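Chemist: Below: one structure in C-alpha coordinates.
The values are calculated or read from the model by the stated rules, or taken from the named source; none is laboratory data. Not measured: the values here are computed from a predicted model. Virtual Cβ from ideal backbone geometry, glycine too; neighbours counted across all protein chains shown. Keep in mind that these areas ignore ligands, DNA and RNA; they rest on the heavy atoms of the full protein, side chains included. Shrake-Rupley method; radii C 1.70, N 1.55, O 1.52, S 1.80 Å.
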Amino acid sequence: AQSVTQPDIHITVSEGASLELRCNYSYGATPYLFWYVQSPGQGLQLLLKYFSGDTLVQGIKGFEAEFKRSQSSFNLRKPSVHWSDAAEYFCAVGHSGTYKYIFGTGTRLKVLA
Amino acid sequence: EPEVTQTPSHQVTQMGQEVILRCVPISNHLYFYWYRQILGQKVEFLVSFYNNEISEKSEIFDDQFSVERPDGSNFTLKIRSTKLEDSAMYFCASSERQWGGDTQYFGPGTRLTVL
(Lines give C-alpha, C1' and ligand atoms only; values in the text may rest on other atoms or scores of the structure.)
Protein backbone atom coordinates (compact mmCIF):
# COMPACT_ATOMS: atom_id res chain seq x y z
CA ALA A 1 0.00 0.00 0.00
CA GLN A 2 1.10 3.52 -0.65
CA SER A 3 2.38 5.53 2.27
CA VAL A 4 4.08 8.82 2.98
CA THR A 5 6.39 9.35 5.91
CA GLN A 6 7.51 12.63 7.36
CA PRO A 7 9.94 11.56 10.06
CA ASP A 8 10.14 14.90 11.84
CA ILE A 9 7.02 15.98 13.71
CA HIS A 10 8.56 19.22 14.93
CA ILE A 11 11.56 21.18 13.69
CA THR A 12 12.96 24.39 15.17
CA VAL A 13 15.40 26.56 13.27
CA SER A 14 16.77 30.05 13.73
CA GLU A 15 15.77 32.76 11.32
CA GLY A 16 18.28 32.88 8.48
CA ALA A 17 19.31 29.26 8.88
CA SER A 18 18.81 26.69 6.17
CA LEU A 19 15.96 24.21 6.30
CA GLU A 20 15.36 20.69 5.08
CA LEU A 21 12.12 18.84 5.70
CA ARG A 22 12.13 15.16 4.92
CA CYS A 23 9.54 13.16 3.03
CA ASN A 24 9.72 9.51 2.05
CA TYR A 25 7.11 7.66 0.06
CA SER A 26 6.30 4.08 -0.69
CA TYR A 27 4.89 3.43 -4.13
CA GLY A 28 5.91 1.13 -6.96
CA ALA A 29 5.69 3.45 -9.94
CA THR A 30 6.75 7.06 -10.25
CA PRO A 31 4.45 9.09 -8.04
CA TYR A 32 3.26 12.64 -8.32
CA LEU A 33 4.67 14.51 -5.35
CA PHE A 34 3.48 17.65 -3.62
CA TRP A 35 4.42 19.88 -0.74
CA TYR A 36 1.73 21.95 0.95
CA VAL A 37 2.00 24.49 3.75
CA GLN A 38 -0.66 25.33 6.29
CA SER A 39 -0.45 28.51 8.30
CA PRO A 40 -2.77 28.91 11.30
CA GLY A 41 -6.35 29.50 10.18
CA GLN A 42 -5.42 29.00 6.54
CA GLY A 43 -6.00 26.26 4.04
CA LEU A 44 -3.37 24.01 2.56
CA GLN A 45 -1.35 26.07 0.10
CA LEU A 46 0.64 24.35 -2.63
CA LEU A 47 4.38 25.11 -2.44
CA LEU A 48 5.56 22.94 -5.32
CA LYS A 49 4.98 19.70 -7.15
CA TYR A 50 6.86 17.09 -9.15
CA PHE A 51 5.50 15.04 -12.05
CA SER A 52 8.49 14.16 -14.18
CA GLY A 53 11.58 15.65 -15.75
CA ASP A 54 14.04 17.73 -13.78
CA THR A 55 14.25 16.23 -10.32
CA LEU A 56 14.91 19.59 -8.68
CA VAL A 57 11.76 21.67 -8.61
CA GLN A 58 11.34 25.26 -7.59
CA GLY A 59 8.32 26.50 -5.74
CA ILE A 60 6.89 29.60 -4.20
CA LYS A 61 8.34 31.50 -1.24
CA GLY A 62 11.90 30.42 -2.10
CA PHE A 63 11.33 26.71 -1.50
CA GLU A 64 12.70 23.89 -3.61
CA ALA A 65 12.50 20.13 -3.45
CA GLU A 66 14.48 17.31 -4.95
CA PHE A 67 13.05 13.98 -6.08
CA LYS A 68 15.45 11.11 -5.47
CA ARG A 69 14.05 7.91 -6.86
CA SER A 70 16.79 5.73 -5.36
CA GLN A 71 15.92 6.98 -1.88
CA SER A 72 12.16 7.31 -2.45
CA SER A 73 12.46 10.81 -1.09
CA PHE A 74 11.17 14.27 -1.92
CA ASN A 75 12.79 16.58 0.63
CA LEU A 76 11.86 20.23 0.87
CA ARG A 77 14.59 22.83 1.29
CA LYS A 78 15.01 26.52 1.80
CA PRO A 79 18.41 28.20 2.06
CA SER A 80 17.39 30.92 4.51
CA VAL A 81 14.29 30.67 6.66
CA HIS A 82 12.14 33.69 7.49
CA TRP A 83 9.99 34.03 10.60
CA SER A 84 6.91 33.96 8.37
CA ASP A 85 7.78 30.40 7.31
CA ALA A 86 6.61 29.09 10.68
CA ALA A 87 3.75 26.75 9.76
CA GLU A 88 2.93 23.11 9.24
CA TYR A 89 4.26 21.44 6.11
CA PHE A 90 2.66 18.44 4.45
CA CYS A 91 4.08 16.11 1.85
CA ALA A 92 1.53 14.36 -0.37
CA VAL A 93 1.55 11.72 -3.09
CA GLY A 94 -0.78 11.09 -5.99
CA HIS A 95 -0.61 8.68 -8.88
CA SER A 96 -2.43 7.99 -12.11
CA GLY A 97 -4.63 5.21 -10.80
CA THR A 98 -6.48 7.30 -8.23
CA TYR A 99 -7.93 10.74 -7.64
CA LYS A 100 -6.84 11.01 -4.04
CA TYR A 101 -3.73 12.32 -2.40
CA ILE A 102 -2.05 10.45 0.38
CA PHE A 103 -0.60 12.77 2.98
CA GLY A 104 2.19 12.50 5.48
CA THR A 105 1.57 13.41 9.09
CA GLY A 106 3.09 16.86 8.66
CA THR A 107 6.07 18.68 10.11
CA ARG A 108 5.50 21.71 12.31
CA LEU A 109 8.19 24.32 11.79
CA LYS A 110 9.07 26.81 14.48
CA VAL A 111 11.37 29.73 13.64
CA LEU A 112 13.40 31.43 16.35
CA ALA A 113 14.13 35.13 16.01
CA GLU B 1 -6.36 34.75 -6.70
CA PRO B 2 -9.35 32.38 -6.67
CA GLU B 3 -9.68 30.28 -3.56
CA VAL B 4 -11.81 27.58 -2.03
CA THR B 5 -13.96 28.77 0.84
CA GLN B 6 -15.61 26.74 3.58
CA THR B 7 -18.34 27.47 6.10
CA PRO B 8 -18.60 27.39 9.00
CA SER B 9 -15.06 27.61 10.27
CA HIS B 10 -16.05 25.79 13.46
CA GLN B 11 -19.12 23.67 14.14
CA VAL B 12 -20.06 22.16 17.47
CA THR B 13 -22.77 19.52 17.55
CA GLN B 14 -24.23 16.88 19.80
CA MET B 15 -23.63 13.22 19.10
CA GLY B 16 -26.36 11.82 16.87
CA GLN B 17 -27.14 15.13 15.20
CA GLU B 18 -26.83 15.78 11.48
CA VAL B 19 -24.33 18.31 10.22
CA ILE B 20 -23.76 19.83 6.82
CA LEU B 21 -20.39 21.28 5.95
CA ARG B 22 -20.31 23.70 3.06
CA CYS B 23 -17.71 24.50 0.48
CA VAL B 24 -17.51 26.85 -2.47
CA PRO B 25 -14.92 25.47 -4.91
CA ILE B 26 -12.98 27.59 -7.37
CA SER B 27 -15.45 28.65 -10.02
CA ASN B 28 -14.04 26.93 -13.13
CA HIS B 29 -13.16 23.70 -11.33
CA LEU B 30 -15.26 20.62 -11.97
CA TYR B 31 -13.73 18.10 -9.58
CA PHE B 32 -14.29 18.23 -5.86
CA TYR B 33 -12.93 16.45 -2.84
CA TRP B 34 -13.34 16.11 0.91
CA TYR B 35 -10.55 15.19 3.28
CA ARG B 36 -10.42 15.14 7.04
CA GLN B 37 -7.74 15.39 9.69
CA ILE B 38 -8.34 14.03 13.15
CA LEU B 39 -6.24 15.94 15.66
CA GLY B 40 -2.67 14.70 15.61
CA GLN B 41 -3.25 12.36 12.68
CA LYS B 42 -2.76 12.45 8.92
CA VAL B 43 -4.95 14.25 6.45
CA GLU B 44 -7.14 11.46 5.03
CA PHE B 45 -9.07 11.31 1.79
CA LEU B 46 -12.82 10.84 2.09
CA VAL B 47 -14.38 11.24 -1.35
CA SER B 48 -14.02 12.73 -4.81
CA PHE B 49 -16.95 13.98 -6.88
CA TYR B 50 -17.53 14.89 -10.50
CA ASN B 51 -20.60 15.46 -12.62
CA ASN B 52 -22.93 14.76 -9.70
CA GLU B 53 -21.38 11.41 -9.01
CA ILE B 54 -18.88 10.04 -6.56
CA SER B 55 -15.78 9.04 -8.53
CA GLU B 56 -13.84 7.55 -5.64
CA LYS B 57 -14.35 7.11 -1.92
CA SER B 58 -12.39 5.73 0.97
CA GLU B 59 -13.47 3.12 3.50
CA ILE B 60 -14.07 5.97 5.94
CA PHE B 61 -16.85 7.31 3.71
CA ASP B 62 -19.61 4.98 4.86
CA ASP B 63 -23.38 5.32 4.68
CA GLN B 64 -23.54 8.07 7.24
CA PHE B 65 -21.69 10.39 4.87
CA SER B 66 -23.06 11.92 1.70
CA VAL B 67 -21.99 14.64 -0.70
CA GLU B 68 -24.00 16.90 -2.92
CA ARG B 69 -23.67 19.79 -5.30
CA PRO B 70 -26.99 21.46 -4.59
CA ASP B 71 -26.41 24.35 -6.97
CA GLY B 72 -23.79 25.73 -9.33
CA SER B 73 -21.46 26.95 -6.63
CA ASN B 74 -21.75 24.91 -3.44
CA PHE B 75 -20.44 21.46 -2.57
CA THR B 76 -21.58 19.93 0.69
CA LEU B 77 -20.65 17.09 2.99
CA LYS B 78 -23.42 15.73 5.19
CA ILE B 79 -22.89 13.55 8.20
CA ARG B 80 -26.25 12.04 9.13
CA SER B 81 -25.70 10.97 12.71
CA THR B 82 -22.48 12.29 14.12
CA LYS B 83 -20.26 10.23 16.39
CA LEU B 84 -17.57 11.37 18.78
CA GLU B 85 -14.94 10.02 16.40
CA ASP B 86 -16.16 12.31 13.63
CA SER B 87 -14.54 15.21 15.46
CA ALA B 88 -11.90 16.45 13.03
CA MET B 89 -10.90 19.22 10.66
CA TYR B 90 -12.66 18.74 7.33
CA PHE B 91 -11.02 20.12 4.22
CA CYS B 92 -12.69 20.69 0.89
CA ALA B 93 -10.61 20.81 -2.28
CA SER B 94 -11.19 21.33 -5.98
CA SER B 95 -9.24 20.81 -9.19
CA GLU B 96 -9.55 21.61 -12.88
CA ARG B 97 -8.85 18.08 -14.00
CA GLN B 98 -9.01 14.74 -12.28
CA TRP B 99 -5.84 12.78 -12.41
CA GLY B 100 -3.36 11.94 -9.74
CA GLY B 101 -1.01 14.72 -10.66
CA ASP B 102 -3.39 17.61 -10.95
CA THR B 103 -3.19 20.25 -8.26
CA GLN B 104 -5.94 20.17 -5.70
CA TYR B 105 -6.69 23.54 -4.13
CA PHE B 106 -7.74 23.32 -0.51
CA GLY B 107 -10.00 25.46 1.61
CA PRO B 108 -9.20 26.57 5.17
CA GLY B 109 -11.18 23.76 6.73
CA THR B 110 -14.13 23.35 9.07
CA ARG B 111 -13.36 22.18 12.56
CA LEU B 112 -16.12 19.83 13.66
CA THR B 113 -16.47 19.10 17.35
CA VAL B 114 -18.90 16.37 18.39
CA LEU B 115 -19.90 16.37 22.06
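Chemist: Across peptide A:95-106, what mean number of C-beta atoms from other chains lies inside 10 Å of a residue's C-beta?
Modeler: Other-chain Cβ atoms within 10 Å of each residue's Cβ, averaged: 6.
Chemist: May I ask you to evaluate 6.51 cos²θ - 1.76 cosθ + 1.60, the Karplus curve with θ = phi - 60°, for each residue of the range A:35-45 and list the ³J(HN,Hα) values in order in whole Hz, giving x for glycine and proline?
Modeler: Once θ is set to phi - 60°, the couplings for the range A:35-45 become 10, 10, 10, 10, 8, x, x, 10, x, 7, 9 Hz.
Chemist: First compute the accessible area of the range A:3-112 with a 1.4 Å probe, then give the percent of it belonging to carbon and sulfur atoms.
Modeler: Accessible surface attributable to carbon and sulfur in the range A:3-112 totals 48 percent.
Chemist: With every protein chain present, what accessible area does A:Ser14 have (1.4 Å probe, heavy atoms only), rounded to the nearest 10 Å²?
Modeler: Roughly 60 Å² of A:Ser14 is accessible to a 1.4 Å probe.
Chemist: Which pairs break 29 Å Cα to Cα here: A:Lys110/B:Lys57; A:Lys61/B:Lys83; A:Lys100/B:Lys78; A:Lys68/B:Lys42; A:Lys49/B:Lys57; A:Lys68/B:Lys78?
Modeler: Beyond 29 Å between Cα atoms: A:Lys110/B:Lys57; A:Lys61/B:Lys83; A:Lys68/B:Lys78.
Chemist: Let me ask another. Calculate, for chain B, the solvent-accessible area per residue in square angstrom, rolling a 1.4 angstrom probe over the heavy atoms of the protein chains.
Modeler: Result: 49 Å² per residue.
Chemist: Hey, another quick one. Under 5 Å between amide hydrogens, which residues at least 5 positions from A:Ala87 or on another chain qualify, with H placed 1.01 Å from N in the peptide plane?
Modeler: Distant-sequence amide H within range of A:Ala87: A:Leu109.
Chemist: I'd like to check one number: the per residue accessible area of the range A:14-87, probe 1.4 Å, reported in Å² as a whole number.
Modeler: Using a 1.4 Å probe on heavy atoms only, each residue of the range A:14-87 averages 48 Å².
Chemist: Let me ask you something else. With viscosity set to 1.002 mPa s at 20 °C, what whole-number translational diffusion coefficient in µm²/s follows for the range A:3-112 from Stokes-Einstein and a Kirkwood radius over Cα pairs?
Modeler: The Stokes-Einstein estimate is 153 µm²/s.
Chemist: Of all accessible surface on the range B:7-98 at a 1.4 Å probe, what whole percent is carbon and sulfur?
Modeler: The value for the range B:7-98 is 45 percent carbon and sulfur by accessible area.
Chemist: Another question about this same structure. Mean-square fluctuation check for chain A, GNM, Cα pairs under 10 Å: which of A:Leu33, A:Leu44, A:Leu21 is largest?
Modeler: Of A:Leu33, A:Leu44, A:Leu21, the most mobile in the Gaussian network model is A:Leu44.
Chemist: What is the sum of charges around B:Phe61, taking Lys and Arg as +1, Asp and Glu as -1, for the other residues whose C-beta is under 13 Å from the C-beta of B:Phe61?
Modeler: Once positives and negatives cancel, what remains is -1.
Chemist: Could you grab the Rg to Rh ratio for chain B? Cα atoms only, Kirkwood for Rh.
Modeler: We get a ratio of 0.94 for chain B.
Chemist: On average, how many beta carbons from a partner chain sit within 10 Å of the beta carbon of a residue in B:30-37?
Modeler: That works out to 2 on average.
Chemist: Moving on to the next point. Calculate log10 I(q)/I(0) of the protein assembly as shown for q = 0.09, 0.15, 0.18 Å⁻¹, where I(q) comes from the Debye formula with a single equal point scatterer on each Cα and nothing for solvent.
Modeler: -0.37, -1.00, -1.36
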